[in-house]
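**Q** Below: one structure in structure tokens.
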Amino acid sequence: MPSVYIYIYTPQARPDPALTAGPGRQNPFVTIPNQEPQPSISSSMEARGRRRIKDEENSNAKKRNTRPRQAAKEPSTERDPQGQGEDLYTSPLPLPDIEDFSPDDARRIRASLLDWYDAHRRDLPWRRTKTSSRGTVNRSETESKVEAESAYAVWVSEVMLQQTRVSTVISYYNRWMDKWPTIHHLAAASQEEVNEMWAGLGYYRRARFLLEGAKSIVQGGMFPQTAAELLKVQGIGDYTAGAIASIAFNEAVPVVDGNVVRVISRLKAITANPKKSATVKGIWKLASLLVDPLRPGDFNQAMMELGATLCSTMNPQCCACPISDNCVAFSLSKSEESIEVTDYPTKVAKAKQRHDFAAVCVVQLTEETGEESLNRCSNKDMLLLVKRPNEGLLAGLWEFPSVLMDERVDIDSRRRSVDKFLRKLFHIKIWENCEVVLREDVGECKHVFSHIRLHMRIELLILKLKGGLNQFYESNQFSSSWKCVDAKSIRTMGLTSGVRKVYNMVEDFKRKKLQCPSGDPRKKHKCFLHDAVSNLVPSQLWKILDNGVLLSFFFPLKESRLVLDLVLLASNLALVASASAMATSSLAFCAS
């Protein structure tokens, strides 16, 4: 496949080498040299591009708005079906040329930023290491073990911090390090143990890569000490390699995450799409020019700290920023009314989320009948869990039996699909080798992933097996793809937040069922009234008497009418309040 070279032109400006895409995979730690135009772009095409830009400059000189343009979604083409192409020669506002940081600018930024960081750095548990202190690191043999332990701590923290808030990570990090204080402890763990410890952080692939990488490093016998060597470890990318190498081993390499992209985009007022590979490479190059050669780890942490605190996405505190004097975006915002610091980096439209629908069946195996099977305190009953495939979304994690389905499928078809799944995996044949104690829809629960919005339609299925649980275990050979757990165990398991939502929803449903036994109509009406009114009216304004009468005090008439309509429609309750009581909004009604 022929290489394609893209050059961005502005009037009276040279092509930007920082945003030039050359052939092959560029190492982000290596400064990208200036590249001459390649023969693949003809001189006539370059001339046409310059003439077109010059014509636009002349015709729109008085009308041009200096506000940075937003990154719109480009139309799809045959060569670029995902809409990632960009016609640089016909852009209404050419992207500005981005110059490198001069040596003097780099020195000023380093000094100001490190002074600020020394005074304002947050006290975070993963920063309490010898290699993160001021000054160079003495790599003697006696300190090699300390460096490796520090590198492991940095690695764990940086992986956890990806796509996750610092406040959330702190407790997870502390629990992790208590359980696996060294890389050797982690390498001896199982994937299931790691998943349980990671439960709730999301992006579970990170946990799998941590374990695989730890096993690989322990087998190799030595923790890699350079970014280039770290990149060879499974699951370690440019960002993580740069963080470990600079913080733990004092290698002068950059680190670029979302915070650093925002800081550099504002320092240079970069309007290019920050998601484009050429822009990313350019920012890596600029970051490599800024790294302090004596304190690379502290400098990289200072850049990320600045982006996370003062140089935030929506409310930057530019007046308190230590490097605002070097910030082009801040300077432009003061001289141009149409420009704001928050215009940088350019906003990019998020990809549209996909909507998936699943039937989720919480299967409870019991030896009881009736209300006893609903008792959530019973540890005799068992719940079925299924392990997801080892590849794809939530790989290798436990969930309740579920089946993907169409959005418009009816309840009968949904249940048939679930029955087929249970028969295939567990040899459970409804009404043949088991009795259905209870089967009811619980409701719908939504869970949002980065690219998927999952709609889970949940049902509770309580089964009494013929022959009991012991026979069920004997007839089903051990399988690593499913397991039975009791209620006590499942409450302490490391489940994903989506599975936890389903479990809590089912437990709440069972609790309400216990409060509303079917054999007592008065209690059933009382339970219904409680559920109907609690969603509409503050609890201090109403109460339900033991005889099932609902009393409401000082409701606005409109809200009282709404409550009455809901209750009457759903349970055929008769209104017994008098006209005078209605007028004063003191209502009383009971079951007929």
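**Q** If D419 satisfies all but one of (1) surrounded by fewer than 16 Cβ atoms within 10 Å (Cβ to Cβ); (2) acidic (D, E); (3) under 34 Å from the mean Cα position of the chain (by Cα), what's the number of the condition it fails?
**A** (1)
**Q** Another question about this same structure. Can you name every residue in the range 169-196 that is charged (D, E, K, R) and farther than 17 Å from K215 by Cα?
**A** Answer for the range 169-196, where residues must be charged (D, E, K, R) and farther than 17 Å from K215 by Cα: R175, D178, E196.
**Q** A further question on this structure: Is there a residue being within 30 Å of S450 (Cβ to Cβ) and outside any loop (DSSP other than H, G, I, E, B) anywhere in the range 309-328?
**A** no
**Q** Inside the range 316-329, can you point out the residues that are under 19 Å from T271 (Cα atoms) and out of contact with any Cys (no Cβ under 8 Å at 6 or more places or on another chain)?
**A** Across the range 316-329, the qualifying residues are P316, N326, V328, A329.
**Q** When the range 308-340 is examined, which residues are found to be within 26 Å of the chain's Cα centre (by Cα) and crowded, with 22+ Cβ neighbours inside 10 Å?
**A** C311, P316
**Q** Limited to the range 422-438, what total is found for residues that are assigned to a strand (DSSP E or B) and surrounded by 15 or more Cβ atoms within 10 Å (Cβ to Cβ)?
**A** Of the residues in the range 422-438, 4 are assigned to a strand (DSSP E or B) and surrounded by 15 or more Cβ atoms within 10 Å (Cβ to Cβ).
**Q** Follow-up question, since we're still on this one. Does the range 156-180 hold any residues that are part of a loop (DSSP other than H, G, I, E, B) and either hydrophobic (A, V, I, L, M, F, W, C) or out of contact with any helix residue (DSSP H, G or I) (no Cβ under 8 Å at 6 or more places or on another chain) (or both), and which are they?
**A** Going residue by residue through the range 156-180, those that are part of a loop (DSSP other than H, G, I, E, B) are 162-165, 180.
Within the range 156-180, Q163, T164, R165, W180 meet the criteria.
**Q** Hey, any hits in the range 245-254 for a residue that's surrounded by fewer than 21 Cβ atoms within 10 Å (Cβ to Cβ), in contact with a helix residue (DSSP H, G or I) (Cβ under 7 Å, 6 or more places away or on another chain) and more than 17 Å from E147 (Cβ to Cβ)?
**A** no
**Q** Let me ask something additional. Does any residue of the range 425-437 turn out to be under 21 Å from Q353 (Cβ atoms) and either in contact with a Phe, Trp or Tyr (Cβ under 9 Å, 6 or more places away or on another chain) or among the polar types (S, T, N, Q) (or both)?
**A** Of all residues in the range 425-437, those under 21 Å from Q353 (Cβ atoms) come to none.
No: zero hits.
**Q** Still on this structure, I have one more. Which pairs do you get when a residue that is modelled with pLDDT of 95 or more, found in the range 236-260, comes within reach of a residue that is part of a loop (DSSP other than H, G, I, E, B) and among the small types (G, A, S), reach meaning Cβ atoms under 8 angstrom, with the pair 6+ apart or on two chains?
**A** Final answer for the pair search is S246/A252.
**Q** Might you check whether a residue that is in a loop (DSSP other than H, G, I, E, B), modelled with pLDDT of 95 or more and not acidic (D, E) occurs anywhere in the range 298-305? Quick ask: steps written out before the conclusion?
**A** Filtering the range 298-305 for residues in a loop (DSSP other than H, G, I, E, B) gives none.
No, the range 298-305 contains no residue that is in a loop (DSSP other than H, G, I, E, B), modelled with pLDDT of 95 or more and not acidic (D, E).
The values are calculated or read from the model by the stated rules, or taken from the named source; none is laboratory data. Keep in mind that what you see is a predicted model, and the values were worked out from it rather than measured. Positions of Cβ are backbone-derived with ideal geometry, glycine not excepted, and every protein chain shown enters the neighbour counts.
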